[in-house]
1. Could you give the size of the charge dipole of chain A about its Cα centre, using +1 on the Cβ of each K and R and -1 on the Cβ of each D and E, expressed in debye and rounded to the nearest 20?
2. Mean 1/r over all different Cα pairs, inverted: what Kirkwood radius does the stretch A:430-508 give, in Å?
3. Any idea what angle helix B:277-286 forms with the longest principal axis of chain B, computed on alpha-carbon atoms, 0 to 90 degrees, nearest 10?
4. Which one, B:L6, B:V84, B:S271, projects farthest toward the positive side of the charge dipole computed for the protein assembly as shown from Cβ point charges (K/R +1, D/E -1)?
5. Which lysines, on any chain, are close to B:K185 with Cα under 26 Å apart, when same-chain ones fewer than 8 places away are left out?
6. Which is farthest toward the positive dipole end of chain B among B:Q232, B:Q149, B:L478, measuring Cα position about the Cα centre, with Cβ charges +1 (Lys, Arg) and -1 (Asp, Glu)?
7. Placing a label point 7 Å from Cα toward Cβ, how far apart in nm is B:E467 from its equivalents in the other copies, listed shortest first to one decimal?
8. Averaged across B:96-104, how many Cβ atoms of other chains sit within 10 Å of each residue's Cβ atom?
Protein chains: 2
Amino acid sequence: MIKHALPVTREADFAAWYQAVIAEADMAEDSGVRGCMVMRPWGYGIWERIQRLLDDRIRANGYDNTYFPLFIPLSYFEKEAEHVEGFAKEMAVVTHHRLIPDGKGGLMPDPAAKLEEPLIVRPTSETVIGAAFSRWVQSWRDLPVQINQWANVVRWEMRTRMFLRTAEFLWQEGHAAYASAEQAKAETMKGLELYRDFAETCCAMPVVAGEKPENERFPGAEETWSIEAMMQDGKALQAGTSHFLGTHFAEAQNIRFQNKEGVFEPANTISWGMSTRMIGGIIMTHGDDDGLRVPPRIAPWQVVIVPMLRDAPEDEPLIDYCRELQGQLSALTAFGEPLRVQLDLKPAKAAAKRWSWVKKGAPIVVEVGGRDMAGANVSVIRRDRLYREDGKLDSAVLSRSAFVDEAGGMLESIQTALHAEAKARLDANIHRDVADFAALETFFAESAKFPGWVEVQWSKPTGPALEQVEARLKALKLTLRNTPQDAAPADGACFFTGAPAVERVLIARAY
Amino acid sequence: MIKHALPVTREADFAAWYQAVIAEADMAEDSGVRGCMVMRPWGYGIWERIQRLLDDRIRANGYDNTYFPLFIPLSYFEKEAEHVEGFAKEMAVVTHHRLIPDGKGGLMPDPAAKLEEPLIVRPTSETVIGAAFSRWVQSWRDLPVQINQWANVVRWEMRTRMFLRTAEFLWQEGHAAYASAEQAKAETMKGLELYRDFAETCCAMPVVAGEKPENERFPGAEETWSIEAMMQDGKALQAGTSHFLGTHFAEAQNIRFQNKEGVFEPANTISWGMSTRMIGGIIMTHGDDDGLRVPPRIAPWQVVIVPMLRDAPEDEPLIDYCRELQGQLSALTAFGEPLRVQLDLKPAKAAAKRWSWVKKGAPIVVEVGGRDMAGANVSVIRRDRLYREDGKLDSAVLSRSAFVDEAGGMLESIQTALHAEAKARLDANIHRDVADFAALETFFAESAKFPGWVEVQWSKPTGPALEQVEARLKALKLTLRNTPQDAAPADGACFFTGAPAVERVLIARAY
């Protein structure tokens, strides 16, 4: 039996395994500040890759980057009732701007420096960006306005989990205003498609794009669309959302323009966001019992060279040999970018270094010992094929020049393989044969530990009827995820009400 | 006389001119949130260029990017007395994590959701990063630790000014821990040199690097070094600082390591930061009465092509002609990067577009009309040479192919010219011939409106003697800036005390 690198397997305890990946791959750690983590270089490096690739796509969509204030006056929120109701329970509130001695050797907020109006640490920026839009938009000529920001936001969650749900997290938020609802809706879908394509292409993460049921909408939105990814425990993770806000925020914030006929109309606004939560999704999509496997496009280092140093004079030519390899590889491109190649010269044992990179999930680890050098070879480990059939580590000896020739293609093949593996899992675990609610209950009670999702037809109930459906599901710890864009048309009765179905909807346990 | 593009000149009202550049170049605007600005695409785009170029240098220095929490528990600050004293007066304090209805139709912080310990919105991260260092550093093998973060920080300033002093600002902060004071000091100087080189090379901003007098040190530091730039009104702007913190933070936060002899020692730490303030410095270094002039290396767009459209069928071939030019230029490199070329197809008059790019300070604006196209030409405006001797706009007709051949070199020449102009101003305005305090008073009272700096020899007084010097200067609205690294050795008496001088120090009005 293979002795894996992590102290716990997915099968044994998925939640503990998740924490173990983060710890063993040095991605993040608890900061000591409630609900906030420290993102260490490997975790933050993956975020930087996500930023770079997503940012290119956002710009290509015609958005410009900007930066808005961290603090939002309370009165800005109060203008949009649904919006503030949705966030009031989890807002960090700044009330003072100075500290003074508390008379007991410590400090306390200075009562004389109490703010007249509390400031909210942004949980999202519709309100403060809407205030700017109301200044910028006067005429139809000023539309569309399309801006994006990369920022930190705070939502005071009671139960936090690294990457998936933290009090402070990093994200991008796109905000735009258009003249017509049609255009705004079309751009909402363009944002959704951008996320779908980014998740699949860059993160090798297959997703289902669709609309959220009304009770799961962003507070203040008319429509919320999401991409949902299947984690290896069968749960769903909402990995990005795109919101059609209609004229709700425009009415509340006076984003009005004079149309070509000279009549004033409210603009239609949209917003869409993706966050560091994506990294949690990447871990639970691609991780295995030896740690993380990072898709090459978003790996901070795609190839890591580990010379087997002996703290001896022979080390010098070995290091030179490795540097030469690093130079050759760095001159190549994969996915239209130069290869990112690290040479690990840390003063540690080669085996320890090998396993640290395996646990981090570097796509290719190249070990080079004296014998490799003598034969002009290298020993290559592909992170997606770590073991041979016989359970031994699959380290292939290749000539250095052959490896240089193959490295780019190998990275592309790893990217494809990771996607294919996750796609096969997603496809195999969406069940469309659950006949009724009793069968649903049985399915989730009896099926494998990691049951997957169930797709059913429904009549798209709203209001109290929808609440009833959600309550029944909640009793089974289940939720409605979204109504997939690409689902087959409805052709039967609603799974919940028996009324004629109008579309299909996904049911799953979720993060 | 030239009719300049800005409503106010530097000569007439420098402060109003500064605001006019920011407004007319669409760099930033007031956000409605006290002391916070909105960075619009052109202003934020310059920041993104600064980030990219500075980040490359920081990585090359062996630092890894990370991300630490926005909130720092008050108790973390209380551990280092000088540090907290330096920041307590300007800290934004989070006291509650939920809002509830206030009974008057609005919301208020929920008394039941008061935090047990107030959280400070980070004004700087030594304390929370130090807490992580204390976890990471156990043995001499764990050193050095070198990390950087790009983040927003908050200092509740009473008087704010866009870019120069805002309640929230963006920056990078480098933090490192070393085994010895010698190494930490050497690395402090390496950080300073990185800033000096970055300012000069990338921002075309000549600076004087030197040590701050003790009362101007970062709270908790043993030594603070700065780069100081001369603005066009003769005032000094501190544009980056590097701090040797000794063992102050390590003692307060228990950053200890076992040395090779097995004895526990506190580490020596350093930190260094540069912020969006730099953009204010770029405006006041390179701006002129027609707006900003952005050094090509940090310009979001280096070449902007403005076709003279007539809303007619002839526009099509003209746009094609311009796109072809954009493609040719984008395939070139300058400063080792591909050229950044924008084609401005906005529905506005060509002259309005030309002047909007002049005010923004795009290094090269290329206008293309029907006649240009017919002759296979383009009309080229260099932002550093806007007018001819006769006061007319200097728009040179070049063949398109000649311009493509010259564009990269032209950008490099603009970068050089902007630096040379600023360097000549700095060199001409450091006065070393002011004999005594009475002469100093006369000099600043009588000299030109924009007097520059005065360099004097001093005995480096400390404690009350230094305070006395600073008080005398303060009465003249003057401050000590730094003791320049490259100054001539002292060879006379102290300007202030008459005692033997040990070094030279700069006196200036400052931002």
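1. 820
2. 12.7
3. 40
4. B:V84
5. Here the lysines satisfying the reach criterion relative to B:K185 are A:K346, B:K79, B:K212, B:K260, B:K460.
6. Positive-most Cα among the choices belongs to B:Q232.
7. 6.7
8. The shielding value for this peptide is 5.
Values quoted throughout were computed directly from the atomic coordinates according to the rules given, and no laboratory measurement underlies them. Being a predicted model, the structure only gives us computed values, none of them experimental. Neighbour counts are summed over all protein chains in view; Cβ atoms, including those assigned to glycine, are modelled from backbone coordinates with ideal geometry.
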